[in-house]
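Let me begin by presenting the structure, written as structure tokens, before commenting on it.
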Amino acid sequence: MASATQAKYLIIGAGIHGLSTAYHLSQLLGDGKDILVIDKDDVAAGASGIACGVVRNNYYQPAMRELMAHSVDVWEAHADALHYHAVGYMQISPEVMHEDVASIAQQQKDIGYESTFIEGEADCTHYMKQYFGDWQAQGITSVLHEKPGGYANNSLAMNGLAKMAQDAGVRIQGQTEVTGFKRDAAGSVTAAQTSQGEIACEQVVIGAGPWAKQFWDMLELPSTVSIKGADGQLHSDIPMWIYWSLQEGTLGVDPDFLKTDSGDMPPVIHVDSTAPLHSTTDGSLVTDEMWGIYYKPDFHFGGVQGGAAPFPVERDPNQVAVDPYGPKSPEFIVGSDFAEMWVSALAHCQKRFEGKVPMFKKEPSGGIGAFTPDSFPVFDRFCDNVMFLADSNHGYKMIGVGKLVAEELLSNQRADLLKPFRFSRYAEGDLHPTSNSPFPWS
Ligand SMILES: Cc1cc2nc3c(=O)[nH]c(=O)nc-3n(C[C@H](O)[C@H](O)[C@H](O)COP(=O)(O)OP(=O)(O)OC[C@H]3O[C@@H](n4cnc5c(N)ncnc54)[C@H](O)[C@@H]3O)c2cc1C
């Protein structure tokens, strides 16, 4: 098929945001003939194709929580096509997070998001043992059990979403790398310059995941920002983009290994803990600092899959020969330190994982996330006709953003749910509250 030379709506990136926007736009327009999705690689080539795929609402920030509730509705509406498993989600926390999680529970109640909140160490242990008789985590004083949510199989979900868009007439063109933009005197983008030639367009949507900075630079947006702090002072020269390495992996057991005592598929489990963590291999101390893990059975990867808190990394794309953010990046191979920590933490929580470090699969897993200065998304319009969807690595679960963006493109009205994620919040000091979680995305 010949490469496209023009598209009314040009969507860059065939990940969750690009594809969701394309699909929802096609629904609003009645068909997708004016919509072109391009990707330098193909569908699911980026973070959306490797994400653990957890879909949850557990956010301390009201704006995030409401956006997630909206997104869960979208997952549920297309559960089969998107390989979505509505098994629920449990946030299991130590006392230092009790107050934050209690506030989340209350706010979930206020917006009608169904969850059960258990408090007190004895009641939490009792609650968990109803699901898993081998539950043995120490020092847990709250469990927030979200009944909606769960997870979706990453690349299968992306292929399902791509098919939904294509069935509606959207064109998806792979192997088309954007290298720059042509702009008119007013600064609006008139065409994307790509490895397949120029593509003229009226509206542009960018969903570039970990490659967000490259597009930010192509549009000559500011490399640093000033942030008005709670003290009213302006803090300048804060880098717009920083990178974290997300540590994930799979234990090579039968996925049924994690079924509940009643034989059901379990909810996604997320545990944060201040209890000292000891190696399940030799009993040595792994860490006496706060740690966190998440896990779920996974039929796609074949085992129990999950991750732990990420760590910041220096990224200088100019010093890396191959695409530094793609699946061949060295950070995709997690080391033995992660395996020891993660499996020991699993064993801290459930006896069935004791001594299972040798079953950790040595496969590429994990990846890089591009984070904004406050670690929350920037969903905003720049250069008049460019919607920039930079989710600060919150995003697999945020399938509903594309629906709101599609509505916004046609109505020219800012969606209420997206307003808290505007870029100007930094200068205005209208920031999201921060929690006590060890994860930058909670
Ligand atoms: C290991 C890991 C685990 C995660 N787990 C979860 C999770 O459990 N739950 C959750 O909600 N989120 C999770 N996330 C975050 C989530 O995956 C991302 O926030 C989300 O997938 C980003 O989607 P996107 O559409 O913006 O980008 P991506 O899915 O990364 O897609 C961007 C696309 O842009 C293309 N592209 C890049 N540069 C160019 C160019 N120059 N020209 C053309 N195309 C280009 C890429 O090829 C890619 O296909 C995880 C992330 C990682 C890395």
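The values are calculated or read from the model by the stated rules, or taken from the named source; none is laboratory data. Model, not experiment: these values are computed from the prediction. Reconstructed Cβ throughout: ideal geometry from the backbone, glycine too, with neighbour counts over all protein chains shown.
Residues of segment 290-329 that are modelled with pLDDT of 80 or more, part of a loop (DSSP other than H, G, I, E, B) and more than 15 Å from Ala51 (Cβ to Cβ): Met290, Gly302, Ala309.
Taken over segment 254-274, the criterion of being surrounded by fewer than 17 Cβ atoms within 10 Å (Cβ to Cβ) and among the β-branched types (Val, Ile, Thr) is satisfied by Thr260 alone.
Being in contact with a strand residue (DSSP E or B) (Cβ under 7 Å, 6 or more places away or on another chain), modelled with pLDDT under 95 and of a type in the set (Val, Ile, Thr) is not true of Val37. Considering each residue of segment 343-358 in turn, none proves to be within 16 Å of the ligand (Cβ to nearest atom) and among the hydrophobic types (A, V, I, L, M, F, W, C). For first residues located in segment 363-383 and closer than 29 Å to Val304 by Cβ, partners that are buried (at least 24 other Cβ atoms within 10 Å of the Cβ) and hydroxyl-bearing (Ser, Thr, Tyr) and lie 6+ apart or on another chain with Cβ distances below 6 Å form the pairs Ile368/Tyr325. Note on segment 227-245: among residues that are among the hydrophobic types (A, V, I, L, M, F, W, C) and in contact with a Gly (Cβ under 8 Å, 6 or more places away or on another chain), the one that is surrounded by the most Cβ atoms within 10 Å (Cβ to Cβ) is Trp244. Examine segment 112-124 for a residue that is in contact with a Cys (Cβ under 7 Å, 6 or more places away or on another chain), hydroxyl-bearing (Ser, Thr, Tyr) and farther than 27 Å from Ser48 by Cβ, and state whether such a residue exists. There is no residue in segment 112-124 that is in contact with a Cys (Cβ under 7 Å, 6 or more places away or on another chain), hydroxyl-bearing (Ser, Thr, Tyr) and farther than 27 Å from Ser48 by Cβ.
Residue-wise test of (1) within 16 Å of the ligand (Cβ to nearest atom); (2) out of contact with any Ser or Thr (no Cβ under 7 Å at 6 or more places or on another chain); (3) free of Cβ contacts under 8 Å to residues at least 60 places away in the same chain; (4) aliphatic (A, V, I, L, M).
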| position | (1), (2), (3), (4) |
| --- | --- |
| Gln193 | yes, no, yes, no |
| Gly197 | yes, no, no, no |
| Gln203 | no, yes, no, no |
| Gln247 | yes, yes, no, no |
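Among the residues of segment 396-413, are any closer than 30 Å to Gly139 by Cα and in contact (Cβ under 8 Å) with a residue 60 or more places away in the chain? Taking every residue of segment 396-413 in turn, at least one turns out to be closer than 30 Å to Gly139 by Cα and in contact (Cβ under 8 Å) with a residue 60 or more places away in the chain. Can Ala406 be described as buried (at least 23 other Cβ atoms within 10 Å of the Cβ), within 16 Å of the ligand (Cβ to nearest atom) and more than 19 Å from the chain's Cα centre (by Cα)? Judged against the criteria, Ala406 is a match. Just to be sure, is Ala47 among the aliphatic types (A, V, I, L, M) and either under 15 Å from the mean Cα position of the chain (by Cα) or closer than 23 Å to Asp391 by Cα (or both)? Yes, satisfied. Taken together, Val378, Val357 contain a single residue that is surrounded by 22 or more Cβ atoms within 10 Å (Cβ to Cβ) and farther than 22 Å from Ala44 by Cβ, which is Val378. Filtering Thr281, Thr224, Thr260 for residues that are at pLDDT 95 or above, away from the ligand (no atom under 16 Å from the Cβ) and in contact with a Gly (Cβ under 8 Å, 6 or more places away or on another chain) leaves a single hit, Thr281. Cβ-Cβ distances below 6 Å connect the following pairs, each with a first residue in segment 16-29 that is in the same structural domain as Ser155 (by TED's automatic domain parsing), a second residue that is within 7 Å of the ligand (Cβ to nearest atom) and modelled with pLDDT of 95 or more, and a separation of six or more residues or different chains: His17/Gly207; His17/Leu389; Gly18/Gly207. When we screen Lys163, Lys147 for residues that are among the charged types (D, E, K, R), surrounded by 14 or more Cβ atoms within 10 Å (Cβ to Cβ) and either touching a helix residue (DSSP H, G or I) at 6+ places or on another chain (Cβ under 8 Å) or under 25 Å from Ser435 (Cα atoms) (or both), the only hit is Lys147.
In segment 52-149, counting only strands (runs of 3 or more DSSP E) that sit wholly within it, the ones holding 3 or more residues that are within 16 Å of the ligand (Cβ to nearest atom) span 89-93.
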